[in-house]
Amino acid sequence: LKMAPILGQRLQQHTAILLLASLASLGCVLCDESDCGRRWWRRSADGLLLREAAVTPCSWSGGGSLWGELEVPSDVLGERGGQNHSDQPSTEALTITVELVRGERQIFERVEDGTPLAVDLEQVAARFAEVGRSCATSQKRTPADCSLFRPDVDHRESSEKVGQNFCAHPEAKETRAFFCRYPPRFYGHSGICNQYSQFCPFPELQRERDASRIETAVVNVDAAFFHAMEECGILQQEVWIFKVFVHWCPHCQQLMPKLYRLALQLRQHGVKTLRFGAINCATEHELCASQNWPGHPLLVARYLGPDRAIHDAIEHWVDVIKDAQLRQMLPRYALPGEFPVLKLLLEQLPEPLAPKAAWLPLFEPETDGDGGGSGACLNITALHLHHPEASEDAVGNGWADVETNFTARRRWTDAMLMLRHIFQEWIAPLGDDGNVHAFSYKQLVVVEAWVSLLASNLPPAFGIEEVLSDLQQALRSRLRLAQSKEGSRLCSDDWKTLSAPVLQKIAEVGQRDFALPSACASDTCRLWSLFHTLAAEGFQQQERRDSSAGVGPLPADAMLSTLREFVDQFFKCLYCRQHFLEQFDAGSYDLQSARQDRKEVVLYLWRLHNAVSVRIAAEHDCHATDRRWPPTSLCKLCWNSSQTDWPVLAETKKMASGSRSRAMQLKAVPNEEEVLKFLMDAFLEPDSNAVEKIEAGTTDDESSSPRSLLEDGVNAVEAVAT
């Protein structure tokens, strides 16, 4: 069975047919290679779910029965007894030969779509949720400090303290440190101002001499301050609009200067009872989860006072903006964090509360050097300080020329940073079932599949496969225990304990092997680097038929499904998540082909990434910025001029401003074979002895060192642009 596919490639067609016929005559049941392994089977007697071994032959017949190799954990075999919910689950599993069908009797039934969610597990999920309620802590909330709201207190001291806590977050480093608190730290930083005009100090800020007004135009709010506002009656006297954000979110970063300017101008016009607050969910996770704020950025309006006109304005705001999908997704008074959304609220509020002279000019169209009014357009000249001619690239002039220095190892550095952030911050109970202290059963299923994908598809040089495999076995054990009468749970504290060895290993390997500057300015960029790396490694293992690398890569369909569910459950950027799911569920960019071939997965993610980059540039009216990637300065053979549109950009073409985009004006279609070569070089190290070289502390590419990159002129400003 193992030799047949290899022989079939080398023998003539008729010889292969004879060989397969001979094997079939011995009673073997042959199936497509991509259909074997990782499938789920349910035991008919009790509904127990078991998964096929990762590397396994297809099921076979013999003695009148159908057989298969399934993974059975030790707790299922009865080797561990008396386990309670606080015990560590078994991390051991045995691969044994199991009788699937005996004659006409189905001992095990195949779960067709490869995931236990295909089975009706409502009772399992309900029992899991019930047991999970014991995760809730009995901590009592500290009594509210109402002295924070005395008439002579301006919240400056409190806001500064909370802001410092926001920025003490371990991920608030490098460019993200500009966006972790209010007032924004990017004001006064000439480098980022040169790149993006929206981050330059605006006239009202430059003229302001009242330090307290500057510091408290937007107040940094933590859980204690938020609850004190409720308990001390502040929301009965003032209208508060909270920006719910995290500092790594690009959309949150884009909103930051606009919201701050609006808040400061209102204060400068004497507005005192319409206030703005900012809640950083990276440090205020429990508050955000308890309020059921599922993404970022959000705008949340709060008012509990007697003024009916204010209540009517907020209700009108909610009714106009929210469609059926948003009503289901977001709490009543939470809306997507788009700046134009605020105008609709301000128009409805009473004039004394929100005088039009204070805010209306901020919503009038402006123009910048690139034709956009947001100031969010890249400075093309600043992107190409080293190679000015790249400003006129036929494709991709919106990418900095410092990317010519990027190696696969540098992109892996961003992928590793993203892994750390995912395990530290993203994977946490959503609280959508009312319990912010425990994961739901569905979330546990998704986490287990995500860890399985990482264990199988990360390049060996990452050095974390072993700890990921241990974590996967622990999670799988909890999944199986959840099907028992006793049930199971995964508390947030349990997850921190289980994932601690992974984070420790990431820190160890990162300091030793990935001490390079980040190539990305945001974590969405780092997430794309991780996705591209997983896809490239999966395809490379397929090409090598390399079964020695652990469990081997997931099948294409399983990988894509895992990515989709992970984004759905744990990607906190609201816009990014919505758009990804819309495009994925619509089958855009030839998803059907990608489901069948790991090579197509590499190209599918690249197409989707291009579509997103070009669309965002068009949304900001950045007509002179072409974000197709890779640029011709990096890969001259990747693009051919054309008279027709590239279908991947169809979404941008439908936009009102899309037709004026440089990416639509300078038409080109990709040579996907060349693009594939470029992607494999960009996200994988070409030397097969890379692991040995890492362990020896040597590499052939000295240009990848921090010293040589610095000598090549890479600085923080160019990192932001990238």
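Over segment 258-341, all Cα pairs binned in 10 Å intervals from 0 give whole-percent P(r) values of 14, 43, 37, 5, listed from short to long.
Any of 496/572; 173/636; 173/505 with alpha carbons more than 28 Å apart? Name them for me.
Working: 496/572 19 Å; 173/636 35 Å; 173/505 21 Å.
From the list (496/572; 173/636; 173/505), the Cα-Cα distance tops 28 Å for 173/636.
Extension gain for the segment residue 484 to residue 585, taken as residue separation times 0.36 nm less the Cα-Cα distance, is 33.0 nm to one decimal. Computed over segment 592-670, the alpha-carbon pair-distance distribution with 5 angstrom bins reads 3, 16, 25, 25, 17, 10, 4, 1, each value a whole percent. Cβ-Cβ distance of residue 392 and residue 268, R₀ of 45 Å, FRET efficiency by 1/(1 + (r/R0)^6): the value works out to about 0.55. Normalised per residue, the accessible area of segment 533-674 is 39 Å², obtained with a 1.4 Å probe and no contribution from ligands, DNA or RNA. Loop-located trypsin sites (Lys or Arg not before Pro) across segment 460-511 with a Cβ neighbour count of 10 or fewer within 10 Å are 485, with loop assigned by DSSP. A 1.4 Å probe over all protein chains sorts 187, 182 by accessible area into 187, 182, starting with the largest.
Working from label points 7 Å from Cα in the Cα-to-Cβ sense, the residue 515 to residue 173 distance is 1.3 nm. Modelled this way, with points 7 Å down the Cα-to-C-beta line, the labels at residue 357 and residue 564 are 5.6 nm from one another.
When the surface is traced with a 1.4 Å probe over the full set of protein chains, residue 577 keeps roughly 20 Å² accessible.
Under 5 Å between amide hydrogens, built in the peptide plane, is the criterion, and for residue 96 it picks out 70, 72 among residues at least 5 positions away or on other chains.
Note that segment 167-173 has calculated 3J(HN,Hα) couplings of 7, 7, 4, x, 8, 8, 10 Hz, one per residue in order, obtained from phi through the Karplus relation 6.51 cos²θ - 1.76 cosθ + 1.60 (θ = phi - 60°); glycine and proline are x.
Per-residue surface analysis assigns residue 416 an accessible area of about 10 Å², computed on protein heavy atoms at 1.4 Å probe radius. What FRET efficiency comes out for the pair residue 316/residue 204, r = Cβ-Cβ distance, R0 = 22 Å, nearest 0.05? So the FRET efficiency works out to roughly 0.15.
In segment 395-447, if the dipole is taken from +1 on Lys/Arg beta carbons and -1 on Asp/Glu beta carbons about the Cα centre, which of 436, 417, 397 is farthest to the positive end? Comparing the listed Cα positions along the dipole, 417 ranks first.
Per residue, the convex hull spanned by the alpha carbons of segment 370-505 comes to 171 Å³. Sequentially through segment 568-580, phi angles give Karplus couplings (6.51, -1.76, 1.60; θ = phi - 60°) of 4, 8, 10, 7, 7, 6, 4, 5, 4, 5, 4, 5, 4 Hz, Gly and Pro residues having no value and appearing as x. Here segment 151-297 has an Rg and Dmax of 14.8, 45 Å, counting Cα atoms alone. Sort out for me the Cα centre separation of segment 481-502 from segment 427-452, rounded to whole Å. So the separation of the two Cα centres works out to 10 Å. Taken one residue at a time, the phi angles of segment 391-398 give Karplus couplings (6.51, -1.76, 1.60, θ = phi - 60°) of 4, 9, 3, 4, 9, x, 6, x Hz. Gly and Pro are set to x.
The values are calculated or read from the model by the stated rules, or taken from the named source; none is laboratory data. Everything quoted here is computed from the prediction, not taken from an experiment. In this analysis, Cβ positions are derived from the backbone assuming ideal geometry, glycine residues included, and neighbour counts consider all displayed protein chains. SASA here: full protein model, heavy atoms, side chains in, ligands and nucleic acids out. Shrake-Rupley method; radii C 1.70, N 1.55, O 1.52, S 1.80 Å.
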